[in-house]
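Asker: Before I ask anything, here is the structure I am working with.
Laboratory data are not the source of any read-out in this text; all were calculated from the coordinates shown. This one's a predicted model, so the numbers in the text were calculated from it and none came from an experiment. Cβ placement follows ideal geometry from the backbone for every residue including glycine, while neighbour counts extend to all protein chains displayed.
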Amino acid sequence: MAFTVTSLASGSSGNALVIQRDDAAILIDCGIALRTMERLLRYRGIAPESIRALLLTHEHGDHALSAAALARRYGAPVICNAATRAALGAELDGVAVELLPVGERACVGPFDVSSFRLRHDAADPVGYRVAADGAAMALAVDLGSWDDETAAALSGADLLVVEANHDRELLRASAYPWATRQRIFGPLGHLDNMQCGELLARAGVRAGHEVWLAHLSEQTNSPRMATAGVGRVLELANRRGVSLRALPRRSVNGPGGAPAWHSDTRLLQQTMF
Ligand SMILES: [Zn+2]
Ligand SMILES: [Zn+2]
């Protein structure tokens, strides 16, 4: 039985990703308004009632905006770590919260879920790895730097969703205030295209893997720059044949209106080669 990963929104104006298998779905982040979220789910034919849980990477608004509202309306628990729970405070009052300490695993519906620590200026930000039926996806967004642990957490995943936030030169030359640029550049800010490529290379991506470049800045990056920049780093590292796709800010209605990945494409590739 295959599972499907669909990106509904990605970037500083909101993040949401849905993973489905049969009639069960889980969300990673819910950083857009509830009505927008419901509309984007409807576009994809996903009933909000099928959402079994909402995993939060961290408490920033572009990831957690309507998490509580969605959880309350559809009775799905929020899964996060204790520091993120504490940072969200009264916002989560009346919401069922299941704590997942960093590095631990849990069964969520049909999925095997684990988290890993990221370096970002939030209480205790994490990435997630979600596996089912012998396939895995891993997500690392909102991180200013990475280490071997980050690379290991992503390693071997069939679909990798990794932040490629900005182009360094564009950010340097941007009109952002000095303090904002320093924050983004910093070790607890956001990854640039080169850092993203280096992380992917260290994680061992190879032909047949699918990579989604996430959380692109509208001002200091573009889909073309991100895929070209990351692609160049991977080529230099002799990692050829990796499928790279820059995520749009929002999915749209209609066939092909949202980036989607099916775990059975991987199984298909395994039988083909
Ligand atoms: Zn963010
Ligand atoms: Zn953030």
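Asker: Where in the stretch 3-46 are there strands (runs of 3 or more DSSP E), lying wholly inside it, with at least 3 residues that are touching a residue at least 12 places away in the same chain (Cβ under 8 Å), within 16 Å of ligand 1 (Cβ to nearest atom) and buried (at least 18 other Cβ atoms within 10 Å of the Cβ)? Explain how you work it out, then say what you get.
Answerer: On the way: elements: 4-9, 16-21, 24-30.
Here the list reads 4-9, 24-30.
Asker: Next question. Within the stretch 199-228, work out how many residues are assigned to a helix (DSSP H, G or I), out of contact with any Asp or Glu (no Cβ under 6 Å at 6 or more places or on another chain) and surrounded by fewer than 21 Cβ atoms within 10 Å (Cβ to Cβ).
Answerer: Taking the stretch 199-228 as the starting set, the residues that turn out to be assigned to a helix (DSSP H, G or I) are 199-202, 223-228.
Those left that are additionally out of contact with any Asp or Glu (no Cβ under 6 Å at 6 or more places or on another chain): 199-202, 223-224, 226-228.
With the extra rule that they be surrounded by fewer than 21 Cβ atoms within 10 Å (Cβ to Cβ), the set shrinks to 201-202, 223-224, 227-228.
Matching residues across the stretch 199-228 total 6.
Asker: Output the qualifying pairs, or none if there are none: Cβ atoms under 9 angstrom, residues six or more apart or on different chains, first residue in the stretch 51-62 and assigned to a strand (DSSP E or B), second residue of a type in the set (Val, Ile, Thr) and within 16 Å of ligand 1 (Cβ to nearest atom).
Answerer: Qualifying pairs under 9 Å: Leu54/Ile28; Leu55/Ile28; Leu55/Val126.
This table checks each residue for (1) over 14 Å from Ala140 (Cα atoms); (2) free of Cβ contacts under 8 Å to residues at least 60 places away in the same chain; (3) of a type outside the set (Ser, Thr, Tyr).
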{"site": "Arg183", "(1), (2), (3)": "yes, no, yes"}
{"site": "Pro187", "(1), (2), (3)": "yes, no, yes"}
{"site": "Asp192", "(1), (2), (3)": "no, yes, yes"}
{"site": "Leu199", "(1), (2), (3)": "no, yes, yes"}
{"site": "Gly204", "(1), (2), (3)": "yes, yes, yes"}
{"site": "Val211", "(1), (2), (3)": "no, yes, yes"}
{"site": "Gln219", "(1), (2), (3)": "yes, yes, yes"}
{"site": "Arg224", "(1), (2), (3)": "yes, yes, yes"}
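Asker: Return yes or no: is Gly75 within 21 Å of Ala25 (Cα to Cα), in contact (Cβ under 8 Å) with a residue 60 or more places away in the chain and more than 16 Å from ligand 2 (Cβ to nearest atom)? Working first, answer last.
Answerer: On the way: within 21 Å of Ala25 (Cα to Cα): yes; in contact (Cβ under 8 Å) with a residue 60 or more places away in the chain: no; more than 16 Å from ligand 2 (Cβ to nearest atom): yes.
Taking the combined requirement at face value, the residue does not satisfy it.
Asker: Enumerate the pairs (first residue in the stretch 144-157 and of a type in the set (D, E, K, R); second residue anywhere and surrounded by fewer than 22 Cβ atoms within 10 Å (Cβ to Cβ)) with beta-carbon separation below 7 Å, excluding pairs fewer than 6 apart on the same chain, so at least 6 apart or on different chains.
Answerer: Taking only residues 6 or more apart or on different chains, the pairs are Glu149/Phe116.
Asker: Further question: Residue by residue through the stretch 45-64, note down the ones that are touching an Asp or Glu at 6+ places or on another chain (Cβ under 9 Å) and closer than 24 Å to Leu143 by Cβ.
Answerer: Within the stretch 45-64, the subset touching an Asp or Glu at 6+ places or on another chain (Cβ under 9 Å) is 47-48, 50, 53-60, 62-64.
Ala53, Leu54, Leu55, Leu56, Thr57, His58, Glu59, His60, Asp62, His63, Ala64 - these are the residues of the stretch 45-64 that are touching an Asp or Glu at 6+ places or on another chain (Cβ under 9 Å) and closer than 24 Å to Leu143 by Cβ.
Asker: Whether any residue in the stretch 247-264 is over 18 Å from Ala136 (Cα atoms), within 16 Å of ligand 1 (Cβ to nearest atom), in contact with a strand residue (DSSP E or B) (Cβ under 6 Å, 6 or more places away or on another chain) and in contact (Cβ under 8 Å) with a residue 24 or more places away in the chain is what I want to check.
Answerer: Within the stretch 247-264, the first condition is being over 18 Å from Ala136 (Cα atoms), and the residues that meet it are 247-258.
Remaining after also requiring within 16 Å of ligand 1 (Cβ to nearest atom): 247-250.
Add one more test, that the residue is in contact with a strand residue (DSSP E or B) (Cβ under 6 Å, 6 or more places away or on another chain), and what stays is 247, 250.
Right, trim to in contact (Cβ under 8 Å) with a residue 24 or more places away in the chain and you get 247, 250.
Yes, the conditions are met somewhere in the stretch 247-264.
Asker: I've got another one for you. Would it be correct to say that Asp142 is among the acidic types (Asp, Glu), crowded, with 23+ Cβ neighbours inside 10 Å and within 16 Å of ligand 1 (Cβ to nearest atom)? Let's see the steps before the verdict.
Answerer: On the way: among the acidic types (Asp, Glu): yes; crowded, with 23+ Cβ neighbours inside 10 Å: yes; within 16 Å of ligand 1 (Cβ to nearest atom): yes.
In short, yes.
Asker: Any chance the stretch 30-48 includes a residue that's under 12 Å from the mean Cα position of the chain (by Cα) and within 16 Å of ligand 2 (Cβ to nearest atom)?
Answerer: Residues of the stretch 30-48 under 12 Å from the mean Cα position of the chain (by Cα): 30-31.
This time we only want the ones that are within 16 Å of ligand 2 (Cβ to nearest atom), so: 30-31.
Within the stretch 30-48, one or more residues are under 12 Å from the mean Cα position of the chain (by Cα) and within 16 Å of ligand 2 (Cβ to nearest atom).
Asker: While we're on this one: For the list (1) closer than 20 Å to Leu247 by Cβ; (2) more than 12 Å from ligand 1 (Cβ to nearest atom); (3) in contact with a Ser or Thr (Cβ under 7 Å, 6 or more places away or on another chain), I need the number of the one condition that Leu54 fails.
Answerer: Only one criterion in (1) closer than 20 Å to Leu247 by Cβ; (2) more than 12 Å from ligand 1 (Cβ to nearest atom); (3) in contact with a Ser or Thr (Cβ under 7 Å, 6 or more places away or on another chain) is unmet by Leu54, namely (3).
Asker: Inside the stretch 94-160, counting only strands (runs of 3 or more DSSP E) that do not spill past its ends, which hold 3 or more residues that are among the aliphatic types (A, V, I, L, M)?
Answerer: Working: elements: 97-99, 105-108, 111-117, 126-132, 135-140.
Those strands (runs of 3 or more DSSP E) span 126-132, 135-140.
Asker: For Ala83, state whether it is more than 19 Å from the chain's Cα centre (by Cα), hydrophobic (A, V, I, L, M, F, W, C) and within 16 Å of ligand 2 (Cβ to nearest atom). First the steps, then the outcome.
Answerer: Working: more than 19 Å from the chain's Cα centre (by Cα): yes; hydrophobic (A, V, I, L, M, F, W, C): yes; within 16 Å of ligand 2 (Cβ to nearest atom): yes.
The answer is yes for Ala83.
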